[in-house]
2 protein chains.
Amino acid sequence: MSGCGAEKGLISIDEALALIQTKVKALAVEMLPLAKGLHRYLAKAVYSDVNLPSFSQSAVDGYAINSSLENLQDTVFDVVGEIKAGSGLNHQLADGQAMRIFTGGKIPERTTHVARQEIVVVESDSQIRLVEQLKPQADIRFTGEEVQAGQQLAEIGQKVNIGALAALSMAGVQALEVFREPKVAVVITGDEVAETAEDLHAGKVFDANGPLLKAWLQDYGIDVDILHIADEAEQVTQCFERLKQHYDVIITTGGVSVGDYDFVRPCAFETGFEQIFWKVKQKPGKPLFFAEYTAQHHHCYLLGLPGNPAAVYVCMQIYGKALLDALQNQRQSLAWFSGLLTHDLKSDARERFLRMHAYFEQGQLKLQSLAKQQSHMLSNLMQANCLVRIPANIKLEVGQEVSGVFIHN
Amino acid sequence: MSGCGAEKGLISIDEALALIQTKVKALAVEMLPLAKGLHRYLAKAVYSDVNLPSFSQSAVDGYAINSSLENLQDTVFDVVGEIKAGSGLNHQLADGQAMRIFTGGKIPERTTHVARQEIVVVESDSQIRLVEQLKPQADIRFTGEEVQAGQQLAEIGQKVNIGALAALSMAGVQALEVFREPKVAVVITGDEVAETAEDLHAGKVFDANGPLLKAWLQDYGIDVDILHIADEAEQVTQCFERLKQHYDVIITTGGVSVGDYDFVRPCAFETGFEQIFWKVKQKPGKPLFFAEYTAQHHHCYLLGLPGNPAAVYVCMQIYGKALLDALQNQRQSLAWFSGLLTHDLKSDARERFLRMHAYFEQGQLKLQSLAKQQSHMLSNLMQANCLVRIPANIKLEVGQEVSGVFIHN
């Protein structure tokens, strides 16, 4: 039975990530106006319809001139007009003529040079004199010198960040084919959530996981409501039954271990989910559960996070991001850096994600571990700016190289 | 006259940044529900009202036991009840008694040990036997071991990122005092904006600056409408007159140079703005203009960006971010890294921000410059992931250390 995978033993972090990156089917493609495309992934490469610049233009405020002379110093020109940026007329210069031109202005036909205003003396309303020698074609931006019509601007799979959006705007791109954004539901399981400080005396705790997941998804660009359900099999089953039809992803917290109240796995199986993996040899986040429900033309993925908030945080930064990106066909999105430890680290039987403070020193990235790494503790996230991967069963020494991801957001 | 600063000569990047960071007055403080505080800056430190954990609790699924024996291996206990996470009853154990307990469950009074379920054999409905020796107080999370009531959780000025928000949630923090978000208006000046490909033949260009600024501000968390106005003094003046009353920041593009159509500075002075600086010894972005309008209880800052899109991009990443952060009293927000050049670089008379591709190699950050750095070109933003600061008047060689900022967004 595919629902049962514990016997196979724990899988590694790399195996878990590879299963997410390869098993997850990409969502449908949609066409969006460019301005709505920020932070999406391109489903199709983008080619330019135009040359950039689209016409030869001045790079400075100055004068376009036409001269057949070799030496232009002290030459006088007749000023026959003015061209500003966005001016539509097509001008033409005869030998000995000049036109006042501003940055971005369209170069007149038969221009031989552009003289920036700093090397020009205005002799009268209609005459200028150059005070320096000038190289031909200096300070002209030529048609197509940045981009030729038909040239590729952006690759398939590329993320549309601010710079990409601006560059595509400059080429007049109006719309993009991107992958649809995942529809995500979040379910917090458990009876232990406190509403007020009084509830703490009754053995309850304030909920960090709901606010954490709402903020994390908001930052990713997805607005979610947080559902809370009790540790009761019937409620969990009904919830999954309803959500699996409408959502691409269900993220749960808690209830994925082997305790008597861990209903997420059995209820997932009850509602037709098939396990892709369960239990990863990592700290925090060992009980991580990943499953898929398949209907005609629809898949729903269940990412069952452990209940401890540090495990939720780490698993979202690593597996949550990998899952949401894979749904948009981006399967290599985690940006691993490499840095050097500032201290020794003890060995541990499981691979670990440690919250650390990274800083740059003389071109090197230094990594300083923080106290209070246990899975029920979050307070060191006030100082942490990265998660660092520490291999299992090895004692590391100061200066050794390890990899991690930044957590700026 | 304070409006005129060109004669003083160009200032350096550091001087310009220091003027923004010191001259800008912080906005008012507001109280927000914690969930609305993401990406804001704290106006007041946050202290914990509670201990974390708030009560001693089990770190595992297992049994809480009370035993006066030294050696617990093969000892049998009477199971007298069950405690799950969130269960409110106060239990007490007598010597030789055990209670089933789940992760997060409140430790009964007089508990001496917690035995994880892996080292327990269930002998009958009411009896268990330990199969291993057990250290006292293992697998117990003690009251206040992470945070003590009254302890500082977050510092004044700290940015509320996802991790901070989650950590504050866990301590039951309901509301935050943060600086108000700046109200920003964006004004694109110039007659050269093309609407269709036909307009390109008339010397116009597609607008990159409007979409760039809208996306940049959206990513920062501020929704803006983009205003377009022609290069006409009367229109620019009317626009500033209206906006200065209602906005904390006016960002303009174009019209800050010394061309005959550069109306931003004269119109700013006309409407009561005083110059803080004009012209920075940098490439791109030399004509950058910064001014302040002061009324009773209200300041409006004008950030006059050059018209070239690469200058707009670079100036927003550096000065735009510094300004919006300073308004929220965060005056050291640019996260400069240091990295090593992968190639030589020619000298230039101005300090430069070059768009580069940064990558990690054996704990070092390597910086590879990209082609097409001119200020009217943006296409290399498809590959760039950082802006690197190159000092003026110095030839740099491969392996030399330079600083920069990442541009992931």
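The values are calculated or read from the model by the stated rules, or taken from the named source; none is laboratory data. All values derive from a computational prediction rather than experimental measurement. Quick reminder, even Gly has a Cβ in these numbers, built from the backbone with ideal geometry, and neighbours come from all protein chains shown. In case anyone asks, the SASA skips ligands and DNA or RNA and just uses the protein heavy atoms, side chains included. Shrake-Rupley method; radii C 1.70, N 1.55, O 1.52, S 1.80 Å.
Numbers for the structure displayed
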read-out: Residue match in the stretch B:238-252 (condition: assigned to a strand (DSSP E or B), among the acidic types (Asp, Glu) and at pLDDT 95 or above); value: no
read-out: Any hit, the stretch A:73-88, residues being in contact (Cβ under 8 Å) with a residue 60 or more places away in the chain and open to solvent by 30 Å² or more (accessible area, probe 1.4 Å); value: yes
read-out: Residue selected from the stretch B:198-218 under the condition more than 7 Å from chain A (Cβ to nearest Cβ) and touching a helix residue (DSSP H, G or I) at 6+ places or on another chain (Cβ under 8 Å), by the criterion surrounded by the most Cβ atoms within 10 Å (Cβ to Cβ); value: B:Asn209
read-out: Test: residue in the stretch B:184-191 that is facing chain A (nearest Cβ under 7 Å) and within 30 Å of B:Tyr261 (Cβ to Cβ); value: yes
read-out: Condition met for B:Gln235 (closer than 28 Å to B:Ile407 by Cα and either within 31 Å of the chain's Cα centre (by Cα) or more than 8 Å from chain A (Cβ to nearest Cβ) (or both)); value: no
read-out: Residue among B:Arg116, B:Arg110 that is within 13 Å of another protein chain (Cβ to nearest Cβ), in contact (Cβ under 8 Å) with a residue 40 or more places away in the chain and open to solvent by 70 Å² or more (accessible area, probe 1.4 Å); value: B:Arg116
read-out: Which listed residue, of A:Phe269, A:Phe273, is modelled with pLDDT of 95 or more and open to solvent by less than 40 Å² (accessible area, probe 1.4 Å); value: A:Phe273
read-out: Subset of the stretch A:309-356 [farther than 20 Å from A:Lys286 by Cβ and small (Gly, Ala, Ser)]; value: A:Ala326, A:Ser333, A:Ala335, A:Ser338, A:Gly339
read-out: All positions within the stretch B:71-99 that are modelled with pLDDT of 95 or more, part of a strand (DSSP E or B) and touching a Phe, Trp or Tyr at 6+ places or on another chain (Cβ under 8 Å); value: B:Phe77, B:Val79, B:Gln97, B:Ala98, B:Met99
read-out: Per-region count, the stretch A:1-39, residues modelled with pLDDT of 95 or more, under 15 Å from A:Ala291 (Cβ atoms) and open to solvent by 30 Å² or more (accessible area, probe 1.4 Å); value: 4
read-out: Selection from the stretch A:95-107 of residues that are in contact with a strand residue (DSSP E or B) (Cβ under 8 Å, 6 or more places away or on another chain) and either open to solvent by 40 Å² or more (accessible area, probe 1.4 Å) or within 14 Å of chain B (Cβ to nearest Cβ) (or both); value: A:Gln97, A:Met99, A:Arg100, A:Ile101, A:Phe102, A:Thr103, A:Gly104, A:Gly105, A:Lys106, A:Ile107
read-out: Residue, nearest to the other protein chains (Cβ to nearest Cβ), within the stretch A:40-64, restricted to residues that are surrounded by fewer than 18 Cβ atoms within 10 Å (Cβ to Cβ) and within 18 Å of A:Gln328 (Cβ to Cβ); value: A:Ala45
read-out: Tally of residues being aliphatic (A, V, I, L, M) and assigned to a helix (DSSP H, G or I) across the stretch B:10-48; value: 8
read-out: Of the criteria (1) touching a residue at least 12 places away in the same chain (Cβ under 8 Å); (2) facing chain B (nearest Cβ under 10 Å), which one A:Asn393 fails; value: (2)
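So that you can scan it fast, the table gives a plain yes or no per residue for (1) modelled with pLDDT of 95 or more; (2) open to solvent by 10 Å² or more (accessible area, probe 1.4 Å); (3) not small (Gly, Ala, Ser):
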position: B:Gly304; (1), (2), (3): yes, no, no
position: B:Ala310; (1), (2), (3): yes, no, no
position: B:Gln328; (1), (2), (3): yes, no, yes
position: B:Gln332; (1), (2), (3): no, yes, yes
position: B:His343; (1), (2), (3): yes, yes, yes
position: B:Lys346; (1), (2), (3): yes, yes, yes
position: B:Gly363; (1), (2), (3): no, no, no
position: B:Met382; (1), (2), (3): no, yes, yes
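Conditions (1) in contact with an Asp or Glu (Cβ under 7 Å, 6 or more places away or on another chain); (2) not small (Gly, Ala, Ser), marked per residue:
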residue	(1), (2)
B:Glu234	no, yes
B:Thr237	yes, yes
B:Glu241	no, yes
B:Gly254	no, no
B:Ile276	yes, yes
B:Lys281	yes, yes
B:Pro287	no, yes
B:Asp325	no, yes
